[in-house]
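The values are calculated or read from the model by the stated rules, or taken from the named source; none is laboratory data. The model shown is predicted, which means the values in this text are computed figures rather than measured ones. Neighbour counts are summed over all protein chains in view; Cβ atoms, including those assigned to glycine, are modelled from backbone coordinates with ideal geometry. Areas reflect the complete protein model, heavy atoms only, side chains present, ligands, DNA and RNA absent. Shrake-Rupley method; radii C 1.70, N 1.55, O 1.52, S 1.80 Å.
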Amino acid sequence: MGLQSLTLHINGEKRVVNVRFADTLLYALRGNLGLTGAKPGCLNGDCGACTVNVDGWPMKSCLMLAVEAVGKEVTTVEGVKGEPIQHAFVENFAFQCGYCTPGFIMNCRSLIQHHPDADDAKVKEWLESNICRCTGYAEIQQAVKSVINKE
Amino acid sequence: MLPFDFDYYRPKNLQEAVELYRHLRQSGRQPMYISGATELITLGRIDLVFTDAVIDIKDIPECREIGFDGDYLVLGSALTLTAIEEANLFPLLTKTSSEIADHTARGKITLGGNICGQIFYREAVLPFLLADSQAVIIGPEGVKVHYIDELFQKTLQLGNGEFLVQLATDKRHVDVPFISIKRRQQWETGYPLITAAALKIGGEIRVAISGLCPFPFRSNQMEAAINRDGLSVENRVSAALTVLPEPILNDIEGSADYRLFVLQNLLNDILAELDGINS
Amino acid sequence: MLKVVGKSVIRKEAYDKVSGRAKYTNDYQSTGMLSGKIVISPYGHAKIVNIDTSRAWKVPGVRAILAGKHYPLTGEAIRDRPPIAVGKVRYHGEPVALVVADTPTQAKTAADLIHVQYELLPVVNSPTQAFQRDAPLVHEHLGEYEKEEDSHPVPGTNIATHIKIRKGNMEQGWAESETVVEASISFSPSDHAAMETRCSTAEITPDGKIIIMTSSQAPFMVKRLISMYFDEDMGKIIVHTPLVGGAYGGKASVHLEVLAYLASKEVGGRPVKVWNTREEDMITSPCHIGLDATVKLGAGRDGKLKAAFIQYLWDGGAYSDKAIDVTRSGAVDCTGPYRIDNVWCDSYCMYTNHPFAAPFRGFSHSELSFAIERTMDLLAQKLNMDPLELRYINAIRPGDTTPTRVKLNSSNLGDLPSCIEKVRELIKWDEGQIQEINERLVRVKGVSCSWKTSTIDTDAPSGAILTFNRDGSINLMSGVVEIGTGTKTILAQILAERLKMDVDKIHVRMEVDTQTTPEHWKTVASRGTYMGGRAVLEAADDVIRQLKEVASCALRAPVEDFEVADSRVFLRDDPSIGLHFKEVGYGYKYPNGNTIGGQIIGRGNFVLRHLTHLDPETGAGKPGPEWTPAAYAVEIEFDRRDCTYRILKACSVVDAGKVMNEKAALGQVMGAMSMGLAFAGRETFYFDELGRVLNTQLRTYRPLRYGENPDYLVGFVERPALDSPYGARGLGEHGLMGMPGALGNALSIAAGVPLNNLPLIPELIWKARRGTHHASL
Ligand SMILES: Cc1cc2nc3c(=O)[nH]c(=O)nc-3n(C[C@H](O)[C@H](O)[C@H](O)COP(=O)(O)OP(=O)(O)OC[C@H]3O[C@@H](n4cnc5c(N)ncnc54)[C@H](O)[C@@H]3O)c2cc1C
Ligand code: FES
Ligand code: FES
């Protein structure tokens, strides 16, 4: 027991972290690596604020143990640089307080990669996973659609 | 963040997993099999689950199997619900599964975890109960295969050190007429108020239900009532409502009375959908 | 012609927010920072018999355990709340102990090992029950607490305050009323559920500086209250607030800060972080108030309102704190936006064994609007009148008076009739209120109205400081907290407009710290733009004056001949003669090196004028500067068999005075509508008989999710408030306030039964229908 030394692949880099087996990926990202883009909102898999990408899929990092991420490619919002979805969120006013935003961006990004031509039902199926308490979702919908239609 | 520490093992094959469990038990530990780990994390966080040794079975090839093998569709217990939906080999399962939790969470929640979990909805078991699927389990006594409706009595009845490896479903039961409806307290997200899944096989409608009682079930008596010849839909549904298992849930999602009202409507909808279809 | 104000200027912190760089309180972690973990009461009302911390102390890393000690009582209007419970607990979630340890895990492990023995006490589970004569008392010593002058607790009861409105002559009012309706309306407390849970850190330096960082709407209040509660020098308290991840009123209360401060003090001043889990954030920290209301309205044959009797029993929870203000605010605008000459209102803040209440977006108005608007629809029904028309003819207009007898004019009151007309168009009211789809489905529209003034302290200040950079750009500092409303960007727009400069050349300091940022009372009540904006305008004028002075000297021309625009100060009749800001912002330097002036620093401040306390017997007084009205509609599709429904469209029209940033304003209104619909349609705390909240997770307490939202129809009316920058009225709360009423009205018609409770879940509708079916048998 105690601390374990794990090697994680994060945003294209190998990072060694000393964590407990009982620590979540979210905890390791924020507490050990200073990557505070993924946010804790519930630690229960409910809100999506902690969403990152693992091997290209959206993942609630509070639902994954850090040790489970060994050998996988983890991307956090800090590793997403100037992608269309980020600009789309800005231009469409798709956030207010911004707390849910990293999670939404990571989910949207994965959605666009897997389903570049997603229809409304697909978008809804994916984006139901995150809560935004500030917006009424209309702007988020516009932002996502603006990228889907372009690609 | 879990308030307790544990060791973490990732066995590469079935025997290793079973052996680890046995060994840990013998040394006085409280081992636990996990696959998706979501329940370990979320219930562990609030002191509803404890273990000091985690055996993660998701690397075991048998637990990841997905596809047809002879006359059977084989689905490994460590498959995530998303993986099952993407493959879409069992349309009823795809439908029922796609209403569980949310899309991102389903990328982590596994079939075995949902069926064996403490959170009592266990919606993913419904299609298997209906399709007379078989459960492949392994434990200290080796591999066993059971019909799931024998093994699943409110929960999957597993002995000490046993775990679910796969579910095998007769190919002929996979592509039959079906309907799956999830009703929630309000709108389109949240736990089920009631989820009802139904299949039509050999002219008979089969129904399995989650959210009505603190366990999912399929009931022969209900099915007998529903399929009774020569009665009106109304009478068949009423008859089915008289033979429900106990207790009916009465909680924050809905009162027992209201659940019965919802169930009645759901049964009507199921009959409306499946009555006329030949199978 | 306005160049910057009104445009959809992108918020200043936008790129930080999409790149993960935006930091919130819990994102700051210093080495050596300890973790605090709260042990909460599992019961609503219980005597604490014993607290055993011995096992917890054995956990490695534990540095302090705070439990069972008497600290000074806290609470804003009445000091009734021990920071950590002593003797008894009064709500589920109340802190009974606080563990401080090296890591969060150790703190949690130790907290779990603290054993508290309780003896259950009878629970006060609703404000109506609290109001009964023989109800158990939540506070036995209510008479002994220190309190503010305008709190009126009644010792020996559960009444924390009682606000009276006595306007006109009730006897005459009822005599003139040919039609009278009465309704009882009720809903339980719920939650703000901001995505960022509350977090506070505190550190006390060896020289006595108290450094707090907190996710708060009221950092300046934290400073004042810590100073007052614990007799600390105000100047030694420095409160930092970075970006806040949603607040909606819930972060206007001062709560966790006190725990962090006490914890740090207990460990010799070392930094301690107290961070709420979601479960704690829902029940330990203050929640959204509940209400039991009785409304009786009388109208003449023509539908004109003549009299109103209103009783509000607010569910203030176990401690009164901000609920006292909410209760007062509810009295002030108790009638909704209608002219009624005879009004009798009793607004009571009741103690119950529920989590205590914070303000919630709308500050009592979303709650009271549901009560009033449901009753208005009952009246329309009884009068057999078009519900929108009933509202139109009664709409409050210039020349009318408010319940507290403020005389209204076209500046201090927005234009409700125009809002109603616009709603009529947007929702296509004239195509019919009810549309049959088939045997099961029916589409129904419901309408409502609201209004609001902001009841804030009569001496609430707002200040702004502007400093120049050497490149001629300007830094703007205001005490407004960026909680998501984009107010700081709007302040930059106001500044850019006044200085006629490029808004990109204005840098806004997002973080607030109470040592160097001028005070903005609290970022609440949609007052940031009005008050912060006025302060910025004054600071801008100060800067203009200084620019002209320096230019006048440098260019040897009278001050009066200069203009400021495009980052230059220049001669009006010959703009080619002038200086760029970068040549004057840091003083003007002559070719030989002589310099005049220095860094230009602009200052501005603002206090609302002529606000008064309310008369305790009649309520007369001026509680706020202006009233923003709004009108609403909701269209639903109802399934008669299942009692389920979808919300197809939701419409809000607000008199914004002036829309300062179009997309931001739309976003504010739509976001508020979404929250209002969730409050109306799904969100509530479920209590058991022990006063326990049964749904403290977002899995079971469910805000609206993507795709559950309706189509939004948003409109604005712009009748300026003359004293506000560019005429802007508050609008951050208004989208929410009418949603419960409009939804309730639509569903009541669709289901054919009055629905006077929230949330409007299918089961509630089913029960109401079943109730009437049984009754008619
Ligand atoms: C956000 C969220 C929403 C949810 N909503 C729903 C919902 O709507 N409907 C619903 O039905 N459920 C819902 N759940 C519950 C979820 O499906 C269960 O918690 C499930 O257990 C999680 O699967 P897992 O693979 O992560 O489980 P794990 O945490 O890995 O395991 C869960 C339990 O099952 C046991 N177990 C796991 N695999 C096996 C195996 N192969 N053999 C024997 N035992 C095994 C473990 O020992 C453990 O006790 C929700 C969960 C979350 C996080
Ligand atoms: S923190 Fe992970 S889903 Fe909420
Ligand atoms: S922007 Fe605040 S929660 Fe989404």
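Percent of Cα-Cα pairs more than 26 Å apart in chain B, please. Everything past 26 Å amounts to 43 percent. Taking amide H as placed 1.01 Å from N in the peptide plane, the amide H of C:Asn661 sits under 5 Å from that of C:Gly6, each at least 5 places away or on another chain.
Dividing the mean sequence gap of close Cα pairs (under 8 Å, 6+ apart) by how many residues segment A:84-150 holds gives a relative contact order of 55 percent. For segment C:535-598, trypsin sites (Lys or Arg not before Pro) meeting the loop criterion (DSSP other than H, G, I, E, B) and having at most 10 other Cβ atoms within 10 Å: C:Arg556. Using Cα centres only, tell me the gap between segment C:487-553 and segment A:43-75 in whole Å. A separation of 42 Å, based on Cα centres. Amide H to amide H distances under 5 Å link B:Glu253 with no residue, where only residues 5 or more positions off or on other chains count and H is placed in the peptide plane.
Here the protein assembly as shown is assigned +1 on the Cβ of each Lys and Arg and -1 on the Cβ of each Asp and Glu. Its dipole about the Cα centre then comes out at about 1520 debye. Each residue of segment C:144-154 was assigned a 3J(HN,Hα) from its phi angle through the Karplus expression (A = 6.51, B = -1.76, C = 1.60, θ = phi - 60°), giving 9, 6, 5, 8, 7, 4, 9, 9, 10, x, 10 Hz with x at Gly and Pro.
For the interface of chains B and A, what total accessible area is buried with a 1.4 Å probe, rounded to the nearest 100 Å²?
Roughly 2500 Å² of accessible surface disappears when B and A pair.
Reported to the nearest whole Å, the Cα centre-to-centre distance from segment C:275-322 to segment B:218-260 is 40. Inter-chain Cβ neighbour count for C:667-677, averaged per residue, equals 5 (cutoff 10 Å, partner chain atoms only). Do the alpha carbons of any pairs in B:Lys182/C:Lys108; A:Lys150/C:Lys3; A:Lys39/A:Lys72; C:Lys236/C:Lys548; B:Lys182/C:Lys382 sit beyond 28 Å of each other, and which pairs? Pairs exceeding the cut-off: B:Lys182/C:Lys108; A:Lys150/C:Lys3; C:Lys236/C:Lys548; B:Lys182/C:Lys382. Evaluated on chain C, the Kirkwood hydrodynamic radius is 27.4 Å, with distances taken between all distinct Cα atoms.
For the pairing of chain B with chain C, what total accessible surface becomes buried, with a 1.4 angstrom probe, in square angstrom to the nearest 100? By this definition, chains B and C bury close to 2700 Å².
Here is the size of segment C:459-607 from its Cα atoms: Rg then Dmax, 15.8, 53 Å.
By its C-alpha gyration tensor, with a ≥ b ≥ c as the square roots of the eigenvalues, how is segment B:57-147 shaped: rounded for a/c under 1.5, else prolate for a/b larger than b/c, else oblate? It is rounded, given that a/c, with a ≥ b ≥ c, falls under 1.5.
Along segment C:753-758 the Karplus relation, 6.51 cos²θ - 1.76 cosθ + 1.60 evaluated at θ = phi - 60°, assigns HN-Hα couplings of 9, x, 10, 10, 10, 10 Hz to successive residues, with x for each Gly and Pro.
Rounded, prolate or oblate: which fits segment C:667-764 when a ≥ b ≥ c are the square roots of the eigenvalues of the alpha-carbon gyration tensor, with rounded for a/c under 1.5 and prolate only if a/b beats b/c? Note, shape of segment C:667-764 comes out prolate. Can you give me the distance in nm between label points at B:Gln221 and C:Cys553, each placed 7 Å from the Cα along the Cα-to-Cβ direction? Inter-label distance under the simple model: 9.8 nm.
When the Debye formula is applied to the Cα atoms of segment C:170-274, each taken as the same point scatterer, what base-10 log of I(q)/I(0) results at q = 0.14 Å⁻¹? Listed by q, the Debye log ratios stand at -0.58.
Is the shape of segment B:7-56 best called rounded, prolate or oblate, per the rule: a/c under 1.5 gives rounded, else a/b larger than b/c gives prolate, else oblate, with a ≥ b ≥ c the square roots of the Cα gyration tensor eigenvalues?
oblate
In the frame of its principal axes, segment A:1-50 has Cα extents of 29, 28, 14 Å, reported largest first.
Relative to the longest principal axis of the Cα atoms of chain A, the long axis of helix A:138-150 makes an angle of roughly 90 degrees.
Can you tell me the order of A:9-21, C:266-278 when each peptide is scored by its average per-residue count of other Cβ atoms within 10 angstrom, highest first?
On the way: A:9-21: 15.9, C:266-278: 20.9.
The packing order, highest mean first, is C:266-278, A:9-21.
Remark: accessible surface ordering of C:Asp400, A:Asp119, C:Asp386 (largest first) is A:Asp119, C:Asp386, C:Asp400, probe radius 1.4 Å.
For chain B, modelled as a GNM whose springs connect Cα atoms under 10 angstrom apart, the maximal fluctuation among B:His146, B:His173, B:His23 occurs at B:His23. Ligands, DNA and RNA left out, the 1.4 Å accessible surface of segment A:84-150 is 49% carbon and sulfur atoms.
Net charge in the neighbourhood of C:Pro616 (other residues with Cβ under 13 Å of its Cβ; Lys, Arg +1, Asp, Glu -1) is -3. Panel note: contact residues of segment A:88-107 (accessible area lowered by at least 50 Å² against the chain on its own; 1.4 Å probe) correspond to A:Val90, A:Phe93, A:Phe95, A:Gln96, A:Cys97, A:Tyr99. Once the C-beta distance of C:Asn409 and B:Ala272 is scaled by a Förster radius of 41 Å, the resulting FRET efficiency is 0.10 to the nearest 0.05.
Summing both sides, the accessible surface hidden between A and C at a 1.4 Å probe radius is close to 4100 Å². Residue by residue along A:44-53, Cβ atoms of other protein chains within 10 Å of the local Cβ number 6 on average. For segment A:4-77, averaging the sequence separation of C-alpha pairs within contact (under 8 Å, six or more residues apart) and dividing by the residue count gives a relative contact order of 37 percent.
Maximal additional length on extending the C:Arg440-C:Asp639 stretch stands at 71.1 nm, based on 0.36 nm per residue less the C-alpha distance.
For a 4.7 Å threshold on C-beta separation, the list of partnerless cysteines in chain C reads C:Cys199, C:Cys287, C:Cys349, C:Cys419, C:Cys449, C:Cys553, C:Cys643, C:Cys651. In the assembled protein chains, B:Tyr191 presents an accessible area of approximately 50 Å² (probe radius 1.4 Å). For segment C:662-707 versus segment B:10-62, the inter-centroid distance based on Cα atoms is 37 Å. Count Lys and Arg as plus one, Asp and Glu as minus one, and take only other residues whose Cβ is under 14 Å from that of C:Lys223; the net charge is then -3.
Based on DSSP H segments of at least four residues, each scored -39500 (n - 2.57), the protein assembly as shown has a per-residue ellipticity at 222 nm of -8000 deg cm²/dmol. Within the accessible surface of chain C, defined with a 1.4 Å probe on protein heavy atoms only, the carbon and sulfur portion equals 50 percent. Taking Lys and Arg as +1 and Asp and Glu as -1, the other residues whose beta-carbon sits under 13 Å from that of B:Lys12 total -2.
Once the 1.4 Å probe is applied to the protein heavy atoms, chain A comes out at 31 Å² accessible per residue. Once the Cβ-Cβ distance of C:Asp566 and C:Glu511 is raised to the sixth power relative to R0 = 30 Å, the FRET efficiency obtained is 0.55. Inter-chain Cβ neighbour count for C:245-252, averaged per residue, equals 3 (cutoff 10 Å, partner chain atoms only).
The percentage of C-alpha pairs in the protein assembly as shown whose separation is greater than 47 Å is 34%.
Using a cutoff of 8 angstrom between alpha carbon atoms and counting only pairs six or more residues apart, the relative contact order for chain C works out to 16 percent.
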